[in-house]
Every structure is written in C-alpha cells, then in structure tokens.
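A quick write-up on the structure given underneath.
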Amino acid sequence: MNTDDKNKEQAILEAAEQTFLEKGFEASKTTQIAARAGVTHAMLHYYYRTKENLFNMVFDQKIRLLKDSLLTLLENPEMPFLERIRIGMGAHFDFIVENPQLPRFVINELLFKPKRLALVESTLNRVARPLIRKAQQEIDLEAARGAIRSIDAVTLLLDIASLNVFLFFALPLIRLFAIPEGMSEKEFLEMRKRENAEIIMCRLKKQPDSNF
C-alpha cells in the first residue's frame, strides 16, 4: 500500500471515529463518513467494504483504549501501591477528559448491540483477567502487612471507574448547578479529579483502630 492509500485509509478511519462517536452506529451513514474524509463513497467501500467492518475497527480500538487507561492502574509494580493508584486514577480521569464521548459511546453500543459484548469478553479474558489476578495477589499482600484495607480487585476497579466515568455522563446537568460561581469547568474537573482520588485513598488506607 502506497503513502497516498495509507493517508486516505487513515482519513476514512478518523472520519468514521468522529461520526460514530457523535451519532452511534445506526444513525451514521457511510456517505457522511466519506464526505467528512474527503473521499468518494466508492473509495470508502474499496478500503473497508461495509459500515459494519469500519465500525468494528473503531469500536475495537476504543475498547482497547478504555481497557488500557484503566488497567495501567494495575501495572508498574515498582511504584508503591497507593501512589500507583492515585497517579493511575489521575491518568484515567485525564484520558476521559480528552475523550468525553467515549464512555457513552461504548455503553450505548453494548446496550443496543449485545453481540458486541463478545468482543469485550474476549479482551477481558485475554488481557484483563490475568492482570486482575496479579492485582488481587498484590492487594492481599499489602493488606496482610497492614498497609491497606482488604478489597476485591474488581470492586476497586469498579469504584474507580464509577467515580471517574459518571461525572462525564452527568456533565450536562453538572454544568447547570454544580460548578461553583467563578470557577471554570477546567478548574472544576481538576478539583473532582483530586476528590475522586482522595475518596479511593480513604477507602484503601487502613485506619489506626480499624479491624478491616
């Protein structure tokens, strides 16, 4: 494939990503994607054949991005556990700030196209579950030496994802009443990022007189 072909293929993929994120699979038209990419409709079909093929490429990529942004919390074992969680939570939050449409896009497609769950299940079985098992072993060791409270690794990831992701589902409402007067949205998001991390730190840190 020559450079011109690669450029056109990439332009189509980027246009498809933007269109699917905005409209979802059903409402997106290949004619719209082609126009957005600056190519002919015939050229789009030459490279990707069907809208389903094009969507699957975009969806797979976005699932990997979401997975990577969250599972990096469990990597880098050289870093102290609590510090890794705090830094990882911030990185995950920043990733969603940069991709605010992504969580809603993924959830909507999973709700309306249950067969796509098979793609997610495959990724989880291949990559996520081994990392989660390793994380649970580390959590158990940290808890045994009294550094943190005991917690299930999946529960921890769900707590983190819930705190970080929900904010962006609710952001249209939050803009109406929750951002303090005189504070910009960017400042508010930074404040929430710190607050979310602090909530998880409080959940994990073992209190002096705690039996947990």
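The values are calculated or read from the model by the stated rules, or taken from the named source; none is laboratory data. Everything numeric here is computed off the predicted structure, so don't read it as measured data. With ideal geometry, Cβ positions are generated from the backbone for all residues, glycine too; neighbour counts draw on all protein chains shown. The area values use the complete protein model at the heavy-atom level, side chains included, leaving out ligands, DNA and RNA. Shrake-Rupley method; radii C 1.70, N 1.55, O 1.52, S 1.80 Å.
Things to note:
- Counting only protein heavy atoms and a 1.4 Å probe, the chain has 58 square angstrom of accessible area per residue.
- Note on Met183 and Ser122: their simple-model spin labels are 4.3 nm apart, each label 7 Å out from Cα toward Cβ.
- On the chain, 56 percent of the accessible area sits on carbon and sulfur atoms, based on a 1.4 Å probe.
- Exposure here means at most 11 other Cβ atoms within 10 Å; with GluC sites (Glu not before Pro) in a DSSP loop as sites, the longest stretch of the chain lacking them is 79-180.
- Extension gain (nm, one decimal) between Asp5 and Ala144, 0.36 nm per residue minus Cα-Cα: 44.4 nm
- Using only side-chain charges placed at the Cβ, +1 for Lys and Arg and -1 for Asp and Glu, the dipole size of region 1-55 relative to its Cα centre rounds to 140 debye.
- Estimated inter-spin distance, Asp68 and Glu83, nm [label 7 Å along Cα→Cβ]: 2.5
- Pairwise Cα separations in the chain fall into 10 Å bins from 0 onward with the following percentages, short to long: 7, 27, 28, 23, 11, 3, 1.
- Using 0.36 nm per residue and subtracting the Cα-Cα separation, the extra length available between Tyr46 and Thr31 on full extension is 4.1 nm.
- Additional length obtainable on full extension of the chain from Gln101 to Glu195, 0.36 nm per residue less Cα span: 31.6 nm
- Between helix 129-144 and the chain there is an angle of about 20 degrees, using the helix long axis and the longest principal axis of the Cα atoms.
- The value of relative contact order for the chain, using C-alpha pairs under 8 Å at least six residues apart, is 19 percent.
- When +1 charges are put on Lys and Arg Cβ atoms and -1 charges on Asp and Glu Cβ atoms, the dipole computed for the chain relative to its Cα centre reaches about 500 debye.
- Structural size metrics of region 1-55, computed from C-alpha coordinates, are Rg and Dmax of 10.2, 32 Å.
- Structure-based [θ]222 nm, the chain - -39500 (n - 2.57) summed over DSSP H runs of at least 4, per residue, nearest 500: -24000 deg cm²/dmol
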